[in-house]
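To start, the structure itself, in structure tokens.
The values are calculated or read from the model by the stated rules, or taken from the named source; none is laboratory data. These numbers were taken from a predicted model, which means no experiment stands behind them. Quick reminder, even Gly has a Cβ in these numbers, built from the backbone with ideal geometry, and neighbours come from all protein chains shown.
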Amino acid sequence: MKVYNKEILYGLYDDEVPLLRAVSAAQKSHLDIWDVFSPFPVHGLDPILGLEESRLHQAGFIFGMTGTATALGFMSWAFLKDWPIIFGNKPYWPLPSFIPVTFELTVLFASVGMVITFYTICGMGPGVKNPTLHDRITDDKFCIAFDVSGASAAEVEKYQSFFAKTGASEVTTKRI
Amino acid sequence: MRHNHFTFEAKQKNVFIGMMVIGLISLIWSYFDNTVPNHTRFWTNFLHNAAFFTGIGFAATFLIAAKITAYSGWHTVFKRLWEAYSLFLLVGLGLMGVVLVGVWGNLHHLYHWADVKAVAGDPILKGKASFLNKYWYTLATFGFVGVWYFFAQKFRKLSIEQDNASLDTRYPIYLTAKKWGAGFMPIAGFTSVAVIWQWLMSLDAHWYSTMYGWYTIASWVVSMIAITILMLIYLKSLGYYPQVSKEHLHDLGKYLFAFSIFWTYLWFSQYMLIWYANVGEETVYFRIRMGEFPILFYGNLVLNFVLPFLILIRNDTKRKTGSLGFIAAIVLFGHWIDFFQMAKIGPYKSALEHHAAAGHGASHGEATHGAVVADPHAATTAPKAAVHTEETAKTGHATPAPADAHVAHEAHEGLTVASDAHATPAKVDVMEPDNYFHYNPDLTPGFAFPGFLEIGTMLGFAGLFLFFVFGQLTKASLVPTNDPYLEETLHHHV
Amino acid sequence: MSARVSPLREPLILGNKNYHQITEDICAPTERAPSRQWIIGFMIAVAGLGLYLFSVIWTVWNGIGSWNLNRTIGWGWDITNFVWWVGIGHAGTLISAILLLLRQKWRTGVNRAAEAMTIFAVICAGQFPIIHMGRVWMAIFIFPYPNTRGPLWPNFNSPLFWDVFAISTYFTVSLLFWYTGLVPDFATVRDRATGWRRKLYDNLAFGWTGSAKHWQRWEALSLVLAGISTPLVLSVHTIVSFDFATSVIPGWHTTIFPPYFVAGAIFSGFAMVQTLMLVVRKLFKLEDYITLQHVESMNKVIVLTGTIVGVAYLTELFIAWYSGYIYEQFAFYNRAMGIYWWSYFGMMLCNVLSPQIFWVKKYRRDLWVTFFMSIFINIGMWFERFVIIATTLARDYLPSSWSYYSPSWVEIGLFVGSLGLFFTCFLIFARIAPVVAIAEIKSILKTMGDQYTGVNALNKKHDDHDLHTEDAHGHH
């Protein structure tokens, strides 16, 4: 189990609409949100939270091009340099014949590369156990969490009153 | 909505009329350009553009039907554009009617199968005669396109009825439209391929490919999407369609991208299978295009695959009017070129062949074709025969005077491709893999690439198309005011 | 996501659900003891799996001679089964990828099970060419790896070689796509579980927490994977079609094969999804999530793709005549009037004629009609592949080698047994994983739940404007 060694104060909301309002309110009053959790992707959350657009697709493009180059390069090398053979009266370099495998390897490299990147940057993978705040977050609760490790009582009080004002249904502190 | 009524301004009318005048002049001019006999340049230009623009009408009708059937809502805001395109089918019918008159009156030599003398000596064409004939051509042109138009105006009528309907009646109207839409799909599926076989595939009368119909439809659809993008960008610049947001353009951009890829997929599948099987009856189509018309062959791929793929793969290029409009224009021109290579090369070759045959008294071309069929075991030698036929014809044209001797020489060589018809003919065995990419380009303007007359003709037809479409746009509100999907389309987010 | 929904759209989630109820309903099958129907079904499936294993061992032990293939007809039921299973495997990726791109929301109810079906169908498919090799331990020869036979590479010109890459890429990408979609749902099950089940799902969930940034990347990943899976799914059956268009009889081919195979694959895949979903919704009481609306939509896809396939059949037939090429003409004459005429007519009847029944709304929404049609279509699509393979091979260019082929019990055992393998996998999946994508269903609840859209919601709509997710865009 991964350990952050952090004191987290979190509040749960019952619906995505109050969550979005609360996140906006927190941003307006400059409260530093540690993370937001939800049972499904909430649309319109990313811009309010100030999350940059994911660059995964760019990584995917580079992986894909690597696949293209690998396939075309290897087949061309094998048929032009390493062992030139004429099959079925086709040229030594039968480009149309190379297209299918080139396409498949492009897709394969792009997808496998992107999926590995995704799990790596998210800190997830087989056997990984990340600490969770509440069991209902993957069910029907929407959660805003603040890092209160070493925070003063006044700061914690500020967070508490924020949760009270924005209608959080449950507010708890948890060490993870 | 302030700008919901379109005014067709005098300035625009003048521009379109000017374009049509240019088109008319180009057509007349090309009629008298008889470098290739039988007024082939004129007739191919006419057919090329008539088929291209009529097809855009078909693609619009088809997409309207598909969208209704699939409960699509996002496109509703600009669906009046598609309705206007779809009604162009009526004009298209008239245009293709001109070609039809030519078929009946033997006014042109577009179609090898329409030449009674040629068919008589050609077992393959004789075998096809029960489909490739004037009657079927008439049925496909008037009957099938007429049916398409019937559906197009039905969709249009229901759509306008919806505008004026009360809240209670608009749903029943929509449901009626849905029934017509679903009904049109299979009808379109079966008739469109038959029309395409008649109009375009039969230009290369000996050749056949099962993919051809779908490939052509894909080309029409991409062109239609490209025209829609350009039209929306233009109309927005005039202050119309404030409701059409970047989101709509983004989706249209995705369509342009997806259908371009789909077109390429069909192109590749057709090419690859024919290349792979190496059956002469089929390879001749691509051999001529690759070997003699490389500008069209590769230009087609660059304009319709490479450029849209590279430009539209990014998200931001689909959301900026500049880049989207640019690539839409390129793709539109690209598919016009695709139709150019479909419509031009077959008649060009057959006109030269016809001319050569007439010039020598004996019909070399037909005799060769005859031989292919008469001897079923000649399957493997077919590519030689077919390539030879075209070569014979070409030589006959290039050097009319000493043609006889030259042709005989070529015939003797059998499988040779002269790198230059006049200079020392270099012997190249095209079946040798190393010589696969051997070119012997023909550079006749108006056939190997579009000349000024072709561009002029395109402008003329485009002017006619736009004149008609703008006229239709004035006849109904630009945004359908009462469509059940209006709320969705106005709040569309990609 | 467009928040405003046309009143014409029918709800896709029935029963006035809230988020928690969705979790309860969909997780339930993984949490309660297996029902009697499930156990009986599982036993039958395992019996089929046993038959499969027996037939495979028999084939490998005795060699391909235990099949009835002959010199002329070298591909029979084995390759027919291969294509049949690959075809079925296409609907999963189609539903998840293409319908995601086309924003068809009804996919959320069926995508998970369809993707699982894809994986298991491809597992079944991939085995047939390998078994067909006879000496299965030589199967590695199909990959281009540095070897001791001199620098001898596979023939990159061969569509069979392309197929190796197509099928393995398709399997890998589908598996990744499916599993990445499952991770958040495994987390949901994990957070409800206790004891050894908690440990199991802890491992399956890969440490998912539901953080906003993770969701954002997860969505980006899903979209890009959908984007590249779309051409992938087309390419796979395209390459399968190349197997036949270039190899079955050298020189014989028809260029419409690629798109027509893809349409046929979608057709048979949807039929199989129908078969499975009709059972699943009943067995696991998921009628509120896999509604008649879903069934009807899939039936519409079936009638569409069935008709596309019909256009292709007739195109082939017509162009064969039109070509004036006697070999082409004979190939098609032979299909309809040759020794295997019955499989051609079976194909036409099951694939083109019978699906036309779905033009009638009443039948589209009739579960029994749908169920029987789905089986019927799968039989028809099996016939289609049999027609392409056996009929074509039986009458090649050389009349002296013309032959006839009917399967031995081993081949029949392999086919029937592969159904056992498929259903064993599927039934295990349905016990362990949520068969409906929980997170995706939740994300469409506010637009497609029956309290928010459709007839029930129409009057209510104006009153509680607050529930409208337009708030989500911050317009207030």
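If you go through segment B:158-189 and keep only what is surrounded by 14 or more Cβ atoms within 10 Å (Cβ to Cβ), more than 11 Å from every other protein chain (Cβ to nearest Cβ) and not hydrophobic (A, V, I, L, M, F, W, C), you end up with B:Ser159, B:Glu161, B:Gln162, B:Asp163, B:Thr176, B:Gly181.
Scanning segment C:411-426 for residues that are buried (at least 19 other Cβ atoms within 10 Å of the Cβ) and not charged (D, E, K, R) yields C:Gly413, C:Leu414, C:Phe415, C:Gly417, C:Ser418, C:Gly420, C:Leu421, C:Phe422, C:Phe423, C:Thr424, C:Cys425, C:Phe426. Residue count for segment B:455-494 satisfying the condition of being away from chain C (no Cβ under 14 Å) and touching a helix residue (DSSP H, G or I) at 6+ places or on another chain (Cβ under 7 Å): 22. Out of A:Phe118, A:Phe98, one residue alone is part of a helix (DSSP H, G or I), surrounded by fewer than 21 Cβ atoms within 10 Å (Cβ to Cβ) and at the interface with chain C (Cβ under 7 Å from one of its Cβ atoms). It is A:Phe98. Pick from segment B:220-251 the residues that are within 14 Å of chain C (Cβ to nearest Cβ) and part of a helix (DSSP H, G or I): which of them is farthest from B:Phe339 (Cα to Cα)? Among those that are within 14 Å of chain C (Cβ to nearest Cβ) and part of a helix (DSSP H, G or I), it is B:Glu247.
Listed by position, the helices (runs of 4 or more DSSP H) enclosed by segment B:269-366 that each have at least 2 residues that are free of Cβ contacts under 8 Å to residues at least 40 places away in the same chain and either more than 14 Å from every other protein chain (Cβ to nearest Cβ) or buried (at least 18 other Cβ atoms within 10 Å of the Cβ) (or both) are B:307-312, B:321-360. Candidates C:Tyr260, C:Tyr363: the one that is over 21 Å from C:Arg385 (Cα atoms), part of a helix (DSSP H, G or I) and among the hydroxyl-bearing types (Ser, Thr, Tyr) is C:Tyr363.
Looking across C:Ile319, C:Ile308, one residue alone is assigned to a helix (DSSP H, G or I) and surrounded by 23 or more Cβ atoms within 10 Å (Cβ to Cβ). It is C:Ile319. Has segment C:271-281 got at least one residue that is more than 10 Å from chain B (Cβ to nearest Cβ), modelled with pLDDT of 90 or more and touching a Lys or Arg at 6+ places or on another chain (Cβ under 8 Å)? Checking segment C:271-281: not a single residue is more than 10 Å from chain B (Cβ to nearest Cβ), modelled with pLDDT of 90 or more and touching a Lys or Arg at 6+ places or on another chain (Cβ under 8 Å).
Among the residues making up segment C:134-183, those that are hydrophobic (A, V, I, L, M, F, W, C), within 11 Å of chain A (Cβ to nearest Cβ) and in contact with a Leu (Cβ under 9 Å, 6 or more places away or on another chain) are C:Phe165, C:Ala166, C:Val173, C:Leu176, C:Phe177, C:Val183.
Note on segment A:1-91: enclosed helices (runs of 4 or more DSSP H) holding 1 or more residues that are polar (S, T, N, Q) are A:16-28, A:56-76. If the condition is being in contact with a helix residue (DSSP H, G or I) (Cβ under 6 Å, 6 or more places away or on another chain) and away from chain A (no Cβ under 14 Å), then segment C:12-29 contributes only C:Leu12. Would you confirm whether or not segment B:200-217 contains a residue that is farther than 23 Å from B:Asn300 by Cα, part of a helix (DSSP H, G or I) and within 10 Å of chain C (Cβ to nearest Cβ)? Checked against the condition, which is being farther than 23 Å from B:Asn300 by Cα, part of a helix (DSSP H, G or I) and within 10 Å of chain C (Cβ to nearest Cβ), segment B:200-217 yields no hits at all. If you take the residues in segment C:184-208 that are among the β-branched types (Val, Ile, Thr) and crowded, with 21+ Cβ neighbours inside 10 Å, which one is farthest from the other protein chains (Cβ to nearest Cβ)? Looking at the filtered set, the residue picked out is C:Val189. Taking residues in segment C:211-234 that are within 7 Å of chain A (Cβ to nearest Cβ), and partners anywhere that are buried (at least 20 other Cβ atoms within 10 Å of the Cβ) and not in a helix (DSSP H, G or I), the pairs with Cβ atoms closer than 6 Å and at least 6 places apart or on different chains are C:Ser211/A:Phe37; C:Ala212/A:Val36; C:His214/A:Cys122; C:Trp215/A:Pro41; C:Gln216/A:Ser54; C:Arg217/A:Ser54; C:Glu219/A:Pro41; C:Ala220/A:Ser54. Between B:Leu296, B:Leu301, B:Leu273, the distinction of being aliphatic (A, V, I, L, M), within 17 Å of A:Leu95 (Cα to Cα) and under 21 Å from the mean Cα position of the chain (by Cα) belongs to B:Leu301 only.
Residues being within 14 Å of another protein chain (Cβ to nearest Cβ), surrounded by fewer than 18 Cβ atoms within 10 Å (Cβ to Cβ) and assigned to a helix (DSSP H, G or I): count how many of those fall in segment B:115-135. So the count comes out to 2. Quick check on B:Gly94: is it within 19 Å of the chain's Cα centre (by Cα) and crowded, with 21+ Cβ neighbours inside 10 Å? Criteria not met by B:Gly94.
Residues of segment C:236-256 that are facing another protein chain (nearest Cβ under 7 Å) and surrounded by fewer than 24 Cβ atoms within 10 Å (Cβ to Cβ): C:Gly251 alone.
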